[in-house]
Amino acid sequence: MEKPVDWTTGHEAILYQLCGACGKPQYFRRGFCAACGSNDLVEKRASRKGTVYATSVVMRAATQETRAHVPYNIVLVDTEEGFRMMAHGATSLKIGDAVAARFATFAGRLVPYFENST
Ligand SMILES: [Zn+2]
């Protein structure tokens with residue numbers, strides 16, 4: 001597979017795959033659909049909008065690079081497109097909040113960062 005043009009390669013975009021056979025979205029890029037096994041996948045750009053499914057505020061940094069960011073929030077977001085993704089988010093976020101992602105730099109890398117949408 002070609003490299004994605006998304007945040008994992010330093011571009012301000014969140015990509016996902018949509019299955020042409022069963023219509024299911026998936027966030028983790030694979031050569032086949034995790035739901036039905038089809039390889040009829042189309043790469044799409046996500047709206048960056050969703051709802052908070054879970055939050056986990058990190059109080060103790062695992063590495064030197066992340067220590068400057070403590071406390072930070074790792075959130076699971078159910079996106080508008082129907083896939084679930086893990087990302088950074090504002091520490092004030094609560095389960096069920098409507099959110100939208102911008103991009104931020106975390107420990108030297110570009111990452112999606114969810115905040116309350118209005
Ligand atoms: Zn499928």
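Quick one: net charge around P4, please, counting Lys, Arg +1 and Asp, Glu -1 for every other residue with C-beta under 13 Å from its C-beta.
Net of charged neighbours comes to +1.
Show log10 I(q)/I(0) for segment 60-118 at q = 0.22, 0.26 Å⁻¹, two decimals, from a solvent-free Debye sum over equal Cα scatterers.
After summing over all Cα pairs, the log10 values are -0.89, -1.14.
Taking K and R as +1 and D and E as -1, what net charge do the other residues with C-beta under 12 Å from the C-beta of V111 add up to?
Once all neighbours under 12 Å are counted, the net charge is 0.
When the chain is fully extended, how far beyond the present Cα-Cα distance does C36 get from R109, taking 0.36 nm per residue of separation?
Between C36 and R109, full extension yields 22.9 nm more.
Quick one: how many lysine pairs does the chain have with C-alpha atoms less than 20 Å apart and a gap of 8 or more or different chains? Give me the count, please.
4
Report the Cα-based extents of segment 1-103 along its three principal axes, largest first, to the nearest Å.
43, 29, 21
Using just the helices of the chain, give the 222 nm mean residue ellipticity in deg cm²/dmol: DSSP H runs with n ≥ 4 each add -39,500 (n - 2.57), and the total is spread over all residues, rounded to 500.
So the helix-based figure for the chain works out to -500 deg cm²/dmol.
Based on DSSP, what percent of beta bridges with both residues in the chain are antiparallel, to the nearest 5?
95
What spacing in nm lies between the two simple spin-label points modelled at K24 and T9, each 7 Å away from Cα in the Cβ direction?
For K24 paired with T9, the spin-label model returns 2.6 nm.
Run the numbers on the chain and let me know its relative contact order in percent, using alpha-carbon pairs under 8 Å that are six or more apart.
Once divided by the residue count of the chain, the mean separation gives 22 percent.
Quick note: the coordinates plus some simple rules give every number you see, no bench work behind them. The shown structure was predicted, so the numbers you read here are calculated from the model rather than taken from an experiment. No Cβ is skipped: glycine too gets one built from the backbone with ideal geometry, and neighbour counts run over all protein chains shown.
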